[in-house]
Amino acid sequence: MEDHPLLTALANWPGRVSTQLAFEARGFAVHRVWQNRMIEFCGENQAGLLNRYWDEVALETMRCAGKVIPETRRFGIEPKYRSALLDELFAVRDFVEPPFQVAPLVRGLYEHLKKSLFDREFANSELAFIRVQKRREGERLGIKATGWTGKKRDVLPSSMRSAQRLHSSAIAIAGIGFSRAVSSSRSRPISAGAVIVPRCH
């Protein structure tokens, strides 16, 4: 597994921030809403730590091809990347209680998990909130659950249908942009690739 080409490819993953910006450029925002809600729960003074924590969990998970449990520091393969921050947080974590075996390394996130488990009203409120955000995003982006049965085998076909709809919309928008660029430029050639292919910063 250590020499698998996938690990080599994942070593070039740009990170959580760049990935999120790419999703947000296409209209997806539920992840950001959830992150802001966690920051609000934990306290604004924890925003820096939380974002660093999420960055490191994502980076470690990706570069280890998912063969890691960051919260327990267990690696299923020789890690291509091991986070010093997560090692440090794990070493000083002293707030985990039964029945939690795999818990976040940041106390605020742990308290949210704990409250979600033991406070039914709170858990229902959080679930209702995120469902509303998902429904609004689905409606805004034209994503439909048609064909989704809740079974794993239907994840890929359903995702492909949504991706094809988004791709068709992007091509249409890009074509409009390209046409406008061509009509507005009379003295210099236009690179189709430069106009159609968006850049994620």
Boolean, MET160 is within 26 Å of VAL33 (Cα to Cα) and modelled with pLDDT under 90:
yes
Could you please give the count of residues in the stretch 114-126 that are in a helix (DSSP H, G or I) and surrounded by fewer than 15 Cβ atoms within 10 Å (Cβ to Cβ)?
9
Hey, which of the helices (runs of 4 or more DSSP H) in the stretch 1-90, taking only ones fully inside, have at least 1 residues that are without any contact (Cβ under 8 Å) to a residue 40 or more places away in the chain and surrounded by 15 or more Cβ atoms within 10 Å (Cβ to Cβ)?
16-25, 30-42, 47-63
Scan (1) within 25 Å of VAL33 (Cβ to Cβ); (2) surrounded by 14 or more Cβ atoms within 10 Å (Cβ to Cβ) for the single condition PHE129 breaks and write down its number.
(2)
Please determine, by comparing only the residues of the stretch 95-136 that are at pLDDT 95 or above and of a type in the set (Asp, Glu), which one is nearest to GLY27 (Cα to Cα).
GLU126
Count, please, the residues in the stretch 114-141 that happen to be under 16 Å from PHE41 (Cα atoms), among the hydrophobic types (A, V, I, L, M, F, W, C) and within 19 Å of the chain's Cα centre (by Cα).
3
Working only within the stretch 1-53, note down all residues that are of a type in the set (Phe, Trp, Tyr) and within 29 Å of SER125 (Cα to Cα).
PHE23, PHE28, TRP34, PHE41, TYR53
Can we say THR19 is under 17 Å from the mean Cα position of the chain (by Cα) and of a type in the set (Ser, Thr, Tyr)?
yes
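The values are calculated or read from the model by the stated rules, or taken from the named source; none is laboratory data. What you see is a predicted model, and the numbers here were worked out from it, not measured in a lab. No Cβ is skipped: glycine too gets one built from the backbone with ideal geometry, and neighbour counts run over all protein chains shown.
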